[in-house]
1. Length gain on complete extension for the stretch residue 192 to residue 128, per 0.36 nm per residue less the alpha carbon to alpha carbon distance?
2. Given 5 Å bins starting at zero, what is the percent of C-alpha pairs of the stretch 3-68 in each, up to the one with the largest pair distance?
3. Quick one: grab the alpha carbon gyration tensor of the chain, order the square roots of its eigenvalues as a ≥ b ≥ c, and give me rounded if a/c is under 1.5, else prolate or oblate depending on whether a/b is larger than b/c.
4. Within the set 54/163; 54/252; 86/175; 23/224, which residue pairs have Cα atoms separated by over 28 Å?
5. Got a sec? Which residues in the stretch 140-176 would a label at residue 233 touch, if it sits 7 Å along Cα→Cβ and we count backbone N under 12 Å?
6. Just need the Rg to Rh number for the stretch 77-180, please, alpha carbons only, Kirkwood Rh.
7. Taking the Cα centre of the chain as origin, sum charge times position over the Cβ atoms of Lys and Arg (+1) and Asp and Glu (-1), and report the length of that vector in debye to the nearest 20.
8. Please report the projected area of the stretch 165-253's Cα convex hull averaged over all directions, in nm².
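Each reported figure results from applying straightforward, stated rules to the coordinates on display, with no laboratory input. None of these values were measured; they are calculated from a predicted model. With ideal geometry, Cβ positions are generated from the backbone for all residues, glycine too; neighbour counts draw on all protein chains shown.
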Amino acid sequence: MARQSTEKQTTDFGFEKVSLQEKTRRVTDVFHSVANKYDLMNDVMSLGLHRLWKKFTIAQSNARLGQVILDIAGGTGDLAAAFAAKVGKEGHVILADINEKMLKQGRDHLFNQGIVGNITFVQADAEHLPFPNHYFDCITIAFGLRNVTDKTAALHSMYRVLKPGGKLLVLEFSKPILPMLNTLYDAYSFNVIPKLGAWITGDKQSYQYLVESIRMHPDQATLKALLQECGFEDVEYHNLTGGIVALHIGFKY
């Protein structure tokens, strides 16, 4: 029997079912729309907490001088900037993003801070990373995995380019573990975030997608199992802010 055409396969785009190609196109449109206000919206939506979540991720990476680090879906470059300081002139950081406009925002943002020399900017699809096997000491993806069309393909790609002994860190919105928090979080997400998106970026629909994409993303245990299925070992996760966000860590041996 002939294999089913990818054009007929579907995936989630928020609460909608769309073709794989349609999701890729729509996610591209979302980030083209919000790129200019991306950092501001992150601060407003999370009340600044995203900076603490990312700081915790950097600490858990144990990045050190001379390492080679890949930050996927690196956006405006806050993780890459922190890693650049950790690895020093002897090391190298690659900020990768599939979205050309987001990548430009990251490049401009870091150049304006004078962070140059040990960072390279690469437009790349997480599902087909254009890097050699066993190349990176550490890979991070922060708030990007839920937007990937084929998460399994992306995780296999990350595993391939990670060195033996290397570490993957996935920082992503997850499922609150406290019933009261879950109720409050739902109310805030669906009633406030899209309105903030409309007010700050002029784009309500992109932030409606963001809220829905969070709800469709695998919960902590399911994502842990997916990392294990893709070859990662010693997988653990840390719930942050009551599970609103979780940091998953896995190793390649």
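1. Fully extending the segment from residue 192 to residue 128 adds 19.5 nm.
2. 3, 13, 13, 12, 13, 16, 14, 9, 5, 1
3. rounded
4. Details: 54/163 23 Å; 54/252 22 Å; 86/175 31 Å; 23/224 24 Å.
Listed pairs above 28 Å: 86/175.
5. 164-166
6. Over the Cα atoms of the stretch 77-180, Rg/Rh equals 0.99.
7. That gives a dipole near 180 debye.
8. Averaging across all directions leaves 6.4 nm² for the Cα convex hull.
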